[in-house]
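Student: Submitted below is the structure of interest, expressed as structure tokens.
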Amino acid sequence: MKIFRFTRPVLMGFFALIACLLIAVPVEAVLQQGDEVPNYVRADITGIDLHGEDLSKSSIAGAVAREANLSDVDLHGTVLTLSDLKGSNLNGIDLTDTLSDRVNFQRTDLRNAVLVNMIASGSSFAGAQIEGADFTFAVLDSDDQINLCKIAEGVNPKTGISTRESLECSDQSRGYKPPMPGT
């Protein structure tokens, strides 16, 4: 884990570069004949209700989706970078393997979300609800990881992983201070 923490800034820079390139070039998904993929690149979808949709082949890069209902949406493997999701319902969302660089997750409901392997460098989670969220192997800024550990609790119902364990939280992250020797 020490090696990973050392390489985290390098990985974050690399993925930020990829994110910039992906936004500049349209994303094409491999589709079956007749399939249509919604594309929300640079779209204003504030307040949209996409509850339970499978958007795993779509892109929501650069979108404004404040106060949207994206609960139980499958977004695994998508590009969500540079998007504003402030105040949105993301309860139970699947963000596995997403590039979520510089996304505004402020005041979102991320309870029971699966964020495994998500790249979320430069994103903000201030005021987010994360009970039962699984952040296993997610790349987060260290300040976000520390702040999320302060509120982390619950177990993800899909993966069975505790939120604290997935964030690699320590007892110190909740303000716990070990007793001084000899006291």
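Student: Tally time: how many residues in segment 90-120 are under 16 Å from residue 131 (Cα atoms), among the polar types (S, T, N, Q) and surrounded by 22 or more Cβ atoms within 10 Å (Cβ to Cβ)?
Tutor: 2
Student: Okay, moving on. Only one residue in 102, 66, 107 is assigned to a loop (DSSP other than H, G, I, E, B), in contact (Cβ under 8 Å) with a residue 60 or more places away in the chain and over 18 Å from residue 164 (Cα atoms), so which one is that?
Tutor: When all the criteria are applied, what remains is 102.
Student: So residue 83 clears everything in (1) at pLDDT below 95; (2) within 14 Å of residue 118 (Cβ to Cβ); (3) small (Gly, Ala, Ser) except one condition, right? Which one?
Tutor: Of everything listed in (1) at pLDDT below 95; (2) within 14 Å of residue 118 (Cβ to Cβ); (3) small (Gly, Ala, Ser), residue 83 misses just condition (1).
Student: Among the candidates 29, 61, which residue alone is out of contact with any Asp or Glu (no Cβ under 8 Å at 6 or more places or on another chain), of a type in the set (A, V, I, L, M, F, W, C), at pLDDT 85 or above and assigned to a loop (DSSP other than H, G, I, E, B)?
Tutor: When all the criteria are applied, what remains is 61.
Student: Hey, can you tell me all the residues within segment 33-75 that are in contact with a Leu (Cβ under 7 Å, 6 or more places away or on another chain) and on the phi > 0 side of the Ramachandran plot?
Tutor: 62
Student: What single numbered condition from (1) at negative phi; (2) touching a strand residue (DSSP E or B) at 6+ places or on another chain (Cβ under 9 Å) fails to hold for residue 142?
Tutor: Failed condition: (2).
Student: Looking only at segment 130-173, filter to residues that are in a loop (DSSP other than H, G, I, E, B) and among the hydroxyl-bearing types (Ser, Thr, Tyr); which one of those is farthest from residue 119 (Cα to Cα)?
Tutor: 170
Student: Is it fair to say residue 137 is surrounded by fewer than 24 Cβ atoms within 10 Å (Cβ to Cβ), of a type in the set (Phe, Trp, Tyr) and in contact (Cβ under 8 Å) with a residue 12 or more places away in the chain?
Tutor: Here the answer is yes, as residue 137 does meet what is asked.
The values are calculated or read from the model by the stated rules, or taken from the named source; none is laboratory data. In this text the structure is predicted, and so the values were computed from the model without any measurement. Virtual Cβ from ideal backbone geometry, glycine too; neighbours counted across all protein chains shown.
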